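Below is one structure, written out as structure tokens, with a few remarks after it.
The values are calculated or read from the model by the stated rules, or taken from the named source; none is laboratory data. Just so we're clear, the structure is a prediction, and the values are computed from it rather than from any experiment. We place every Cβ from the backbone using ideal geometry, glycine too, and count neighbours over all the protein chains shown.
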Amino acid sequence: MAHKKKGNKDQKVISEGDRLKEQGNTQLQLENYHKAIDYYSQAIKFDDKNYAYFHNRSLAYYLLENFSQSLQDIQICKSLNKDYIQVYIREASAYHQLDQLDLALKSVQEGLQIEQNNEELLKLKDLIQQEINQQNQEKELADKETLKKSENLLSWVQANKGEFSSIKLKYLSTHNRSIVSKRIIQADETVISIPQEQVITLDVASSSDFCKILTEKNTQLVQQKHAYFALFLLQEQKKKDASHYKAYIDSLPTDLSSFPALFSEEELQYLEGTAALKLVQEQKEDIKTDYESISQVIPEFKSEFSFEQFRWAFLCSHSRVFGIKVKGVKTSVMVPLADMLNHKHSGQEDSEWVFDDATNCFTVKALKKIQRNQQIHFSYGSKCNSKLFLNYGFVDVQDHTETIKKLKEEERPGRQLIQNDYRGINYFNELPVVFCFDQAQDDPTLPIKAKLIGGSIPVCCLTRINEDFETQNSTGFLGYLRFICIRDPNQLGKLFDSHKKYIEQTNQSNLPFLPQKTPPLSVENEHKMWQRVQELLIPLLLKYKTTVVKDKELLESGSLSENQRNCVLIRLGEKNIIEYYIDMASKMMYLLENNDKKQILESAKSDPKYLPYFHYIIQVILARLLYQK
Ligand SMILES: C[S@@+](CC[C@H](N)C(=O)[O-])C[C@H]1O[C@@H](n2cnc3c(N)ncnc32)[C@H](O)[C@@H]1O
């Protein structure tokens, strides 16, 4: 009810409701939207038939990005004043923000009947129509059957109390889907929540008939986890309508031709000479071995499921299993719908997953504010490109400059960043390198080395290096080579003594020395180490059939298929790492041969060719080796 203020005749009589509305308007202008809402709500208490109060509160909610409340208020406003044109603009905008495009268009059309040339409505009409057209085009990317399967998946998740109201599925290509925000999602908001009953844990997979037999017979499989998930998927698929997981299993991608395990011989030729090719061959072998092992123990498995079916299920598992803790216990899970999220490297992702023990749901949460119509990503973990290629069938070509910069800043706060500290995309490539001890009979250091590392000399060692000498694996690689190159028993003795001291200080008896932790020891040893780097890596470079220049030309030519392109990106990534270390080795050997500290410092500071190695030159060559000789 409106309460009029008593006052002087000449003064404008203003109701209490209007006074509160004015206060609300002032707060709105100051962008204090919550306070504005408070005032409008008080005004509504005075007069709940005043359309303006509802309109203004709707606007405040809109500016707060609370579009459902904004819509509610504007609809009350509409019921009080159908002729007010702002009603239609706000209603259409709110529906648009909530991704209800048909209803948004309907509001626009209603508004245009009142004011056919209203510019705001005409603009909205264009925008909404464009989005509807785009959505229709995207749907055309997938065939009807695939669309139906996606719809079934969403209905099944919803019927089982899964929550995903802020997102929708979007087709990027026939077989590649993504998850896109329907509306603005605030940081920390739950994006997807899937109850445990819909999640396939490793325990659930292991309880399937075939897996039980394998466990009972203690059958050893090469990749047991993925084989178990694969067996589960195949057995559930066979149950058809009787399977609780039918909608999920139907939604799994049928075409995995981007996975290297399914590449043709012609496609695999693009990987010739690469370490990645070995990984692909090993994976193919693993799948075959597991298929045969299962067939031997369970003969009906082979008659029910072909090798191709098993491979499909196995690769589905590889590309869709999450590692997670459920009630404090580490496990692996397959999660309907949440497994439609695509990957971005850690640091660039906009959501993360957890198992929420309180709600018993697998939960995806926004890490930051996500705008409407944005693809949402989470990180599959800090995986290098060869792992992504092998297990997910894609190569990450995002520009990681900013991520690397952030990582480096976190690792070494306050450190002067130089060009090398945040080189671009190749950082996320890795190269496996195998290296061996020299087994010269007359080497007096060998028995001491064996003792120091707590046993015998390993035949071979394997590490993975990347295009940054400061990452843990790369420093470990260089440290190990320093250790292998020691020939002076005195030097080894010193290392032995300092390790003994460390053990005493930390009270950890019997702690073996880790060769990868070997620090720079002497100019001579360091020089030998770089020589060894070259001896190891130059032969690897010769295995590739193409040069870096040729690979770059191929990538730029646009003539490659997606799979061929991924192969070229992988082999180029490997070659870049090798060339980086060969180049570093020759430059560092040159400096180590030169005793002039002043000149070395000058080169590090001002010669661009030394810039990528600035920290090594200053901290290792100058500080540790030349000044502290
Ligand atoms: C867990 S699924 C994600 C959903 C998948 N797009 C789908 O349609 O089912 C993993 C697969 O998505 C694709 N994918 C994920 N992240 C990608 C990325 N950053 N670039 C290209 N493909 C990606 C790859 O095909 C990968 O095997």
Q: Output yes when any residue across segment 553-574 is in a loop (DSSP other than H, G, I, E, B) and surrounded by 18 or more Cβ atoms within 10 Å (Cβ to Cβ), and no when none is.
A: no
Q. For segment 285-306, what are the residues that are part of a helix (DSSP H, G or I), hydrophobic (A, V, I, L, M, F, W, C) and more than 30 Å from the chain's Cα centre (by Cα)?
A. I294, V297, F301
Q. For M584, are the conditions met, namely being among the hydrophobic types (A, V, I, L, M, F, W, C) and surrounded by fewer than 21 Cβ atoms within 10 Å (Cβ to Cβ)?
A. yes
Q) How many residues, within segment 578-619, are aliphatic (A, V, I, L, M) and touching an Asp or Glu at 6+ places or on another chain (Cβ under 7 Å)? A) 1
Q: Would you be able to tell me the number of residues in segment 591-628 that are touching a residue at least 24 places away in the same chain (Cβ under 8 Å) and out of contact with any His (no Cβ under 8 Å at 6 or more places or on another chain)?
A: 18
Q: Sort out which residues of segment 342-380 are without any contact (Cβ under 8 Å) to a residue 40 or more places away in the chain and within 12 Å of the ligand (Cβ to nearest atom), and write them in order of number.
A: E349, W353, H377, F378, S379, Y380
Q: Just give me the residues in segment 508-527 being assigned to a helix (DSSP H, G or I), surrounded by fewer than 19 Cβ atoms within 10 Å (Cβ to Cβ) and free of Cβ contacts under 8 Å to residues at least 60 places away in the same chain, in sequence order.
A: Q516, K517, E524
Q: Just one of (1) modelled with pLDDT of 95 or more; (2) surrounded by fewer than 18 Cβ atoms within 10 Å (Cβ to Cβ); (3) touching a His at 6+ places or on another chain (Cβ under 7 Å) trips up E189, so point out which.
A: (3)
Q. Pick from Q281, Q309: which is away from the ligand (no atom under 16 Å from the Cβ), in contact (Cβ under 8 Å) with a residue 60 or more places away in the chain and part of a helix (DSSP H, G or I)?
A. Q309
Q: Name the single residue, out of those in segment 115-130 being part of a helix (DSSP H, G or I) and touching a helix residue (DSSP H, G or I) at 6+ places or on another chain (Cβ under 6 Å), that is surrounded by the fewest Cβ atoms within 10 Å (Cβ to Cβ).
A: E120
Q: Looking only at segment 199-220, count how many residues are away from the ligand (no atom under 16 Å from the Cβ) and in contact with a strand residue (DSSP E or B) (Cβ under 9 Å, 6 or more places away or on another chain).
A: 5
Q) Looking at L154, is it at pLDDT 95 or above, assigned to a helix (DSSP H, G or I), within 15 Å of the ligand (Cβ to nearest atom) and surrounded by 13 or more Cβ atoms within 10 Å (Cβ to Cβ)? A) yes
Q) Before we move on, is E267 of a type in the set (D, E), touching a residue at least 24 places away in the same chain (Cβ under 8 Å) and outside the structural domain of L541 (by the TED database)? A) yes
Q. When you look at S165, is it part of a loop (DSSP other than H, G, I, E, B) and free of Cβ contacts under 8 Å to residues at least 24 places away in the same chain, yes or no?
A. yes
(Q) I'm trying to understand the selection: among the residues of segment 591-609, which are part of a helix (DSSP H, G or I), under 20 Å from M529 (Cα atoms) and in contact with a Leu (Cβ under 8 Å, 6 or more places away or on another chain)? (A) L592, I600
Q. Hey, among the residues in segment 253-278 that are aromatic (F, W, Y) and within 15 Å of the ligand (Cβ to nearest atom), which one's farthest from T546 (Cα to Cα)?
A. F259
Q. Among K170, K182, K148, K225, which is in the same structural domain as F322 (by the TED database) and charged (D, E, K, R)?
A. K225
